[in-house]
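Colleague: Following this message is one structure expressed as structure tokens.
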Amino acid sequence: MLICVSVSPFLVTSLLGKGPLLAIYRSKLTVFIVDDKLGALTSCNISSSDNGFFLRFFYFGCEPMFIWKNIFVRHIIPSFFRSKVRHKGRKYLLECRILDSFKLKLSLQVNFMILTKSRIDLFELNPYEPCPCDSGAKFKFCCYKKAKASKPKRIIDLSYSDGRIHNFVKQFWEKTDFHTCFAFNKEECDDLIKSAHSIQNNRILNRISKDGHLYTISSTGTKEGPVSYLNKISRNKASTFFGFCNIHDTELFRPIEKKEYIGESIQNFLFAFRAHAIEHHKKLRKLNSQKNIFIEFPFTMLEKEHIYVYRVAQLDVRDCSVDYEVFKKDYSNANFDNFRTLYRKLDFEVSFAACSSFAVEYDLEGNIMNDIYSVGYEHMPSIYVNVYPTSGGTNILLSYHLNNDGTYKNYFDQLEKLKNEDLLKYLNFLLIQYTENIFFDPFFIENLSEKQKNSLLKSFDSSIYPIEKAILISKGSYYKFNLFEKNMDKSDS
Ligand SMILES: [Zn+2]
Ligand SMILES: [Zn+2]
């Protein structure tokens with residue numbers, strides 16, 4: 001059995017290939033293109049010829065084609081390719097010739113995705129910025145020489161077996177872990193940092209576990225690229241992270257651990273804060289993972305695709321730090337009324353529990369609230385989500401901090417108007433799209449059909465690989481499962 005490892009698919013991408021900007025697998029080439037225009041997406045077939053290879057692609061975004069033409073002509077990573085775009089109706093033919101350093105095995109599948117807002121500083125380390133190895137010295141005077149001298153190579157040898165790749169990825173992720181306490185009164189901390197549950201073990205996970213186990217969705221690497229799978233893990237490990245000391249794990253969360261939810265402000269605050277803490281910890285780990293890649297493979301410090309991953313991780317961490325300061329201020333002022341919380345209670349138990357925070361991309365009318373592909377420097381606020389079964393019912397809590405009314409007020413107005421039935425349909429999508437911290441009753445997972453299981457995993461993947469979304473929609477298996485089925489295992493209790 002595979003041991004619990006929840007790896008960011010982005011990490012898998014960086015390890016296996018060349019990072020999100022240009023990830024080359026044996027059978028898959030993913031190109032991310034950066035431009036000031038809105039994002040769009042297409043898929044491609046690729047075939048070889050003596051002069052290079054041809055990409056035939058079509059797009060199903062809503063952007064006018066001139067964007068495509070301009071982007072490809074101007075931006076298709078000119079250092080890697082010489083390209084020329086021709087188009088017939090809605091089909092475009094992009095001819096690419098590979099320049100020297102790339103010898104690709106052909107018959108590739110290509111995904112294109114356009115990112116927004118190109119900025120050169122996103123793709124290069126500034127000589128005078130702190131070295132990513134955390135030495136405290138400036139890059140130019142620290143690892144720069146080493147980076148220059150180290151030879152580019154594939155980080156994971158694709159002749160490895162899938163099992164070996166899995167172990168490599170798992171060990172790499174384990175090395176990013178660290179202990180901290182996110183509580184606000186650090187002077188009261190205990191020395192012992194616990195493996196704290198972000199979802200209560202005894203009252204919640206216990207309800208949905210079977211023989212002490214439950215399922216989560218994990219990612220790992222294979223020769224073909226990253227894959228997600230249903231991972232059976234012990235409930236004692238589920239949802240845990242080293243984010244609170246022994247004292248604070250108990251003391252700070254007493255109002256939600258020892259008492260049912262009754263809508264008190266402090267409870268709303270703590271549910272949101274715990275959802276923040278686990279994601280904050282994970283974002284720091286993702287940043288660590290890219291730093292570790294830099295340290296172990298110094299040539300990556302000069303590679304655009306790795307630096308891009310590093311920049312995104314830095315921005316994520318920065319967003320978390322901004323949010324953390326807001327929690328801290330409210331806490332020290334004992335002001336817990338700053339969260340708008342949407343609460344719904346269902347009269348049946350669901351078969352899963354989730355606790356997470358994330359920046360939502362679109363509201364219910366399709367307006368962009370956070371441009372998640374933007375790599376500009378704007379703050380992206382999060383919403384906080386907790387869904388869990390209680391005895392004979394299910395609690396749903398969604399919230400945001402009132403500082404972020406500008407981003408989320410309309411969205412929450414829309415959500416509040418939804419009938420339960422529609423809200424659940426929407427949450428079915430939202431949770432899988434944005435959350436890794438979700439755990440399922442084995443009874444539920446084991447009773448899904450193969451088609452539903454596949455839909456669950458691929459829909460999860462579609463949040464990272466938009467191309468999956470198009471494939472799923474075309475096959476009619478996008479979100480063809482219902483997380484909010486009544487837990488039949490509990491129906492007699
Ligand atoms: Zn260094
Ligand atoms: Zn502490």
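Colleague: Looking at GLY263, GLY243, which is the one that is within 19 Å of PHE184 (Cβ to Cβ), touching a strand residue (DSSP E or B) at 6+ places or on another chain (Cβ under 7 Å), outside any helix (DSSP H, G or I) and of a type in the set (Gly, Ala, Ser)?
Modeller: Details: GLY263 fails: within 19 Å of PHE184 (Cβ to Cβ).
Exactly one of GLY263, GLY243 is within 19 Å of PHE184 (Cβ to Cβ), touching a strand residue (DSSP E or B) at 6+ places or on another chain (Cβ under 7 Å), outside any helix (DSSP H, G or I) and of a type in the set (Gly, Ala, Ser), namely GLY243.
Colleague: Here are some residues: ILE383, ILE396, ILE368. Which one is β-branched (Val, Ile, Thr) and surrounded by fewer than 17 Cβ atoms within 10 Å (Cβ to Cβ)? Working first, answer last.
Modeller: Details: ILE383 fails: surrounded by fewer than 17 Cβ atoms within 10 Å (Cβ to Cβ); ILE396 fails: surrounded by fewer than 17 Cβ atoms within 10 Å (Cβ to Cβ).
The match here is ILE368.
Colleague: Still on this model: Within the range 275-331, can you find the residues that are farther than 30 Å from ILE396 by Cβ, of a type outside the set (A, V, I, L, M, F, W, C) and out of contact with any helix residue (DSSP H, G or I) (no Cβ under 8 Å at 6 or more places or on another chain)?
Modeller: ASN288, GLU296, GLU303, LYS304
Colleague: Starting from the range 181-208, take each residue that is closer than 21 Å to THR390 by Cβ and list its partners that are near ligand 2 (Cβ under 9 Å from one of its atoms) and of a type in the set (Phe, Trp, Tyr), counting only C-beta distances under 7 angstrom and pairs at least six apart or across chains.
Modeller: From residues that are closer than 21 Å to THR390 by Cβ, the pairs are ALA196/PHE244.
Colleague: Would it be correct to say that LYS258 is away from ligand 1 (no atom under 16 Å from the Cβ), modelled with pLDDT under 95 and either closer than 22 Å to LYS175 by Cβ or buried (at least 18 other Cβ atoms within 10 Å of the Cβ) (or both)?
Modeller: It is false that LYS258 is away from ligand 1 (no atom under 16 Å from the Cβ), modelled with pLDDT under 95 and either closer than 22 Å to LYS175 by Cβ or buried (at least 18 other Cβ atoms within 10 Å of the Cβ) (or both).
Colleague: Can you tell me which residues in the range 190-219 are in contact with a Leu (Cβ under 9 Å, 6 or more places away or on another chain) and within 16 Å of ligand 2 (Cβ to nearest atom)?
Modeller: Initial filter on the range 190-219 (in contact with a Leu (Cβ under 9 Å, 6 or more places away or on another chain)): 197, 199, 205, 208, 214-219.
Within the range 190-219, HIS197 is the sole residue that qualifies.
Colleague: Further, regarding this structure: Can you find a residue that is in the same structural domain as LEU214 (by TED's automatic domain parsing), modelled with pLDDT of 95 or more, among the charged types (D, E, K, R) and surrounded by 19 or more Cβ atoms within 10 Å (Cβ to Cβ) anywhere in the range 406-415?
Modeller: Here is the first cut: in the range 406-415, the residues in the same structural domain as LEU214 (by TED's automatic domain parsing) are 406-415.
From what is left, the residues that are modelled with pLDDT of 95 or more are 406-415.
Now narrow it down to the ones that are among the charged types (D, E, K, R): 409, 413.
Among the residues that remain, those that are also surrounded by 19 or more Cβ atoms within 10 Å (Cβ to Cβ) are: none.
Looking through the range 406-415, none of the residues is in the same structural domain as LEU214 (by TED's automatic domain parsing), modelled with pLDDT of 95 or more, among the charged types (D, E, K, R) and surrounded by 19 or more Cβ atoms within 10 Å (Cβ to Cβ).
Colleague: Continuing with this model, one more query. Inspect all residues belonging to the range 274-293 and state whether any of them is crowded, with 20+ Cβ neighbours inside 10 Å, in contact (Cβ under 8 Å) with a residue 60 or more places away in the chain, closer than 19 Å to TYR343 by Cα and within 16 Å of ligand 2 (Cβ to nearest atom).
Modeller: Checked the range 274-293: at least one residue is crowded, with 20+ Cβ neighbours inside 10 Å, in contact (Cβ under 8 Å) with a residue 60 or more places away in the chain, closer than 19 Å to TYR343 by Cα and within 16 Å of ligand 2 (Cβ to nearest atom).
Colleague: Take the conditions within 28 Å of ALA183 (Cα to Cα), outside any loop (DSSP other than H, G, I, E, B) and more than 19 Å from the chain's Cα centre (by Cα) and apply them to LEU315. Does it pass? Talk me through it step by step, then tell me what you get.
Modeller: Values: within 28 Å of ALA183 (Cα to Cα): yes; outside any loop (DSSP other than H, G, I, E, B): yes; more than 19 Å from the chain's Cα centre (by Cα): no.
The answer is no for LEU315.
Colleague: Further, regarding this structure: Scanning for something of a type in the set (Gly, Ala, Ser), surrounded by fewer than 19 Cβ atoms within 10 Å (Cβ to Cβ), in a loop (DSSP other than H, G, I, E, B) and not assigned by TED's automatic domain parsing to the domain that holds ILE247, does the range 193-215 turn up at least one residue? Write out each step before concluding.
Modeller: First, pick out the residues of the range 193-215 that are of a type in the set (Gly, Ala, Ser): 195-196, 198, 209, 212.
Among the residues that remain, those that are also surrounded by fewer than 19 Cβ atoms within 10 Å (Cβ to Cβ) are: 195, 212.
Okay, now just the ones that are also in a loop (DSSP other than H, G, I, E, B), so 212.
Among the residues that remain, those that are also not assigned by TED's automatic domain parsing to the domain that holds ILE247 are: none.
So far as the range 193-215 goes, no, none of its residues is of a type in the set (Gly, Ala, Ser), surrounded by fewer than 19 Cβ atoms within 10 Å (Cβ to Cβ), in a loop (DSSP other than H, G, I, E, B) and not assigned by TED's automatic domain parsing to the domain that holds ILE247.
Colleague: Just give me the residues in the range 149-167 being in a helix (DSSP H, G or I) and within 20 Å of GLN290 (Cα to Cα), in sequence order. If you could, list the steps in order and put the result at the bottom.
Modeller: So the first thing to find is which residues in the range 149-167 are in a helix (DSSP H, G or I), and the list is 149, 162-167.
Selection gives ALA149, ILE165, HIS166, ASN167.
Colleague: Name, by its number, the condition in (1) away from ligand 2 (no atom under 16 Å from the Cβ); (2) surrounded by fewer than 17 Cβ atoms within 10 Å (Cβ to Cβ); (3) within 18 Å of ASN403 (Cβ to Cβ) that does not hold for LYS328.
Modeller: (1)
Colleague: Check LEU214, LEU192 and return the single one that is touching a Phe, Trp or Tyr at 6+ places or on another chain (Cβ under 7 Å), hydrophobic (A, V, I, L, M, F, W, C) and away from ligand 1 (no atom under 16 Å from the Cβ).
Modeller: Details: LEU192 fails: touching a Phe, Trp or Tyr at 6+ places or on another chain (Cβ under 7 Å).
After applying the criteria, what remains is LEU214.
Colleague: Same structure, new question: Would a scan of the range 168-179 turn up a residue that is within 16 Å of ligand 2 (Cβ to nearest atom), of a type outside the set (Phe, Trp, Tyr) and in contact (Cβ under 8 Å) with a residue 24 or more places away in the chain? Break it down into steps so the answer makes sense when it comes.
Modeller: First, the residues of the range 168-179 that are within 16 Å of ligand 2 (Cβ to nearest atom): 178-179.
Subsequent filtering for residues that are of a type outside the set (Phe, Trp, Tyr) retains 179.
Retained after the next criterion (residues that are in contact (Cβ under 8 Å) with a residue 24 or more places away in the chain): 179.
Looking for residues that are within 16 Å of ligand 2 (Cβ to nearest atom), of a type outside the set (Phe, Trp, Tyr) and in contact (Cβ under 8 Å) with a residue 24 or more places away in the chain, one finds at least one in the range 168-179, hence yes.
Colleague: Moving to a separate point now. Between a residue in the range 429-454 that is closer than 17 Å to TYR388 by Cβ and any residue that is part of a loop (DSSP other than H, G, I, E, B) and of a type in the set (Phe, Trp, Tyr), which pairs come within a Cβ distance under 9 Å, given they are 6 or more apart or on different chains?
Modeller: ILE432/TYR479; ILE432/PHE481
Colleague: Could I ask something else about it? Residue check: is LYS145 more than 13 Å from ligand 1 (Cβ to nearest atom) and of a type outside the set (Val, Ile, Thr)? First the steps, then the outcome.
Modeller: Details: more than 13 Å from ligand 1 (Cβ to nearest atom): no; of a type outside the set (Val, Ile, Thr): yes.
Here the answer is no, as LYS145 does not meet what is asked.
Colleague: Now, a different point. Give the residue that is farthest from PHE242 (Cα to Cα), with candidates limited to residues of the range 151-185 that are of a type in the set (Val, Ile, Thr) and within 21 Å of the chain's Cα centre (by Cα). Spell out how you get there, then give the answer.
Modeller: As a first pass, look at the range 151-185 and keep what is of a type in the set (Val, Ile, Thr): 155-156, 165, 169, 176, 180.
Now drop any that are not within 21 Å of the chain's Cα centre (by Cα), which leaves 165, 169, 176.
Working: ILE165: 26, VAL169: 20, THR176: 12 Å.
By that ranking, first place goes to ILE165.
The values are calculated or read from the model by the stated rules, or taken from the named source; none is laboratory data. Bear in mind that the values here come from a model prediction, so they are computed numbers and not experimental data. So basically every Cβ, Gly included, is an ideal-geometry build from the backbone, and we count neighbours across all protein chains shown.
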